[in-house]
1. Which residue, of Ala12, Ala5, is within 13 Å of Glu106 (Cβ to Cβ), in contact (Cβ under 8 Å) with a residue 60 or more places away in the chain and not basic (Lys, Arg)?
2. Any residue that is more than 23 Å from the chain's Cα centre (by Cα), over 20 Å from Ser39 (Cα atoms) and not assigned by TED's automatic domain parsing to the domain that holds Lys18 - is there at least one of those in the stretch 274-295?
3. Is it the case that some residue within the stretch 69-81 is in contact (Cβ under 8 Å) with a residue 60 or more places away in the chain and among the aliphatic types (A, V, I, L, M)?
4. Return the pairs, sorted by first residue and then second, in which the second residue is β-branched (Val, Ile, Thr) and assigned to a helix (DSSP H, G or I), the first residue lies in the stretch 209-237 and is more than 16 Å from Arg267 (Cβ to Cβ), the beta carbons are less than 6 Å apart, and the residues are 6+ apart or on different chains.
5. Looking at the stretch 361-388 only, could you name the residues that are at pLDDT below 95, touching a Leu at 6+ places or on another chain (Cβ under 9 Å) and not basic (Lys, Arg)?
6. Would you point out the residue of the stretch 101-156, among those that are hydroxyl-bearing (Ser, Thr, Tyr) and in a loop (DSSP other than H, G, I, E, B), that is surrounded by the most Cβ atoms within 10 Å (Cβ to Cβ)?
7. Considering the stretch 143-173 alone, what residues qualify as being under 18 Å from the mean Cα position of the chain (by Cα) and of a type in the set (S, T, N, Q)?
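The values are calculated or read from the model by the stated rules, or taken from the named source; none is laboratory data. All values derive from a computational prediction rather than experimental measurement. Cβ sites come from the backbone with ideal geometry, for glycine too, and all protein chains shown count toward neighbours.
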Amino acid sequence: MRKIAVITANRADYSRVKSVLSAIQKRPDLELQLVVAGSHLLDHYGFTVKEIEKDGFPIAARIPMELHGSDPVSMAKSVGLGVLEFATCFNNLKPDIVIALVDRYENFASAIASATMNIPTAHIQGGEVTGTIDESLRHAMTKLSHIHFPATSQAKERIVRMGEDPRYVFDVGCPATDALLDSPEMSTEEMRREVRALFKDPQADFDPSKPYMMVIQHPVTTEYGSGINQAQETLEGIKGLGMQIFMLWPNIDAGSGDVSRGIRLFRLANPNEQFTILGHTPHKLFVNLLRKAKCLVGNSSSGIRESCYFGLPTVNIGTRQKGREHGKNVIHAGYSKNEIRQAVLKQLEHGNYPTESIYGNGDAGEKIAKILAETKLPSVQKRLYEGS
């Protein structure tokens, strides 16, 4: 029985790996070792470890690694602390394979630890192109890893061009698509009740039966110091459209404090806007919010990876997702409020697009578990592949 240590560090990557966890649990030849780290363990970000516990996955270890602060120094030091904590964790658990996810700095720390300890490392969602520090971390994780699970054929080709052995590069689709397609549809009344419960306020006035747009804007770490202006330009660009705004607070990356301040300043200056903002939104509700929204605005990967499955008109802002494969439902805008407004108006006028299945068909978790169980493990001695 192979022991598979899977790392999850925040609400987004948990949804991306949940189907993999389920598929591993179902196999008698695999043992799941779930390691929960990062913002999952912080009250400020919803203490989302509770969601994992509610889903019934046993937690093998918890890794507190986030230093207080939203600047590059805190982020870099958190990586260092993570390497220390993951090394101790892996020494105790003795996994046969460690799974590192996507492009997060928390998972980068886990990949450093596992590769240094000669533990075969598998990387999910490598080979993609984006902006911000994620681009560098993702490709560094590819070079630290031994088994690769890209989400698209283009990503697979990039990984092979980076010198990885094609025998260990498997185009499986995106596990997040599994959870997306498996999520049941909610009525607007169910959605309204859940939003009120999250606010702990029966008078919360968000009404999903009426038109609304979603806004998700995270900090761009390579543009640190611009977060306040970027957030305000986005919100100024969409105000006054007579539509509800449903927004999520930014993630934990360096610059999140600036983005949050920009949001607060906008709310103070525009008390009459129909504005609802939440920190953590459970996955089922989040999927249904995407399903029924009129438009998605911001720089989240959800606007690229998930929105195409609903044909949701999306305005992608700035450089954070630059270069990522996307559907016809996405148009791009810079940081100017006027440019953003014109793009949003164009998308609202267009309405929903035909759906596209760019990131898989909902079976990535099963494919990954099968490969983890049945594939002969490669040597931990990495070599640049230059063809047979």
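1. Ala12
2. Yes, that holds for at least one residue.
3. Within the stretch 69-81, one or more residues are in contact (Cβ under 8 Å) with a residue 60 or more places away in the chain and among the aliphatic types (A, V, I, L, M).
4. From residues that are more than 16 Å from Arg267 (Cβ to Cβ), the pairs are Ser209/Thr188; Pro219/Val259.
5. Asn361, Gly362 - these are the residues of the stretch 361-388 that are at pLDDT below 95, touching a Leu at 6+ places or on another chain (Cβ under 9 Å) and not basic (Lys, Arg).
6. Checked the stretch 101-156; the qualifying residue surrounded by the most Cβ atoms within 10 Å (Cβ to Cβ) is Ser145.
7. Matches in the stretch 143-173: Thr152 only.
For every residue, the table says whether it meets (1) in the same structural domain as Ala37 (by TED's automatic domain parsing); (2) not charged (D, E, K, R).
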{"residue": "Ile124", "(1), (2)": "yes, yes"}
{"residue": "Glu135", "(1), (2)": "yes, no"}
{"residue": "Arg158", "(1), (2)": "yes, no"}
{"residue": "Tyr168", "(1), (2)": "yes, yes"}
{"residue": "Arg193", "(1), (2)": "no, no"}
{"residue": "His218", "(1), (2)": "no, yes"}
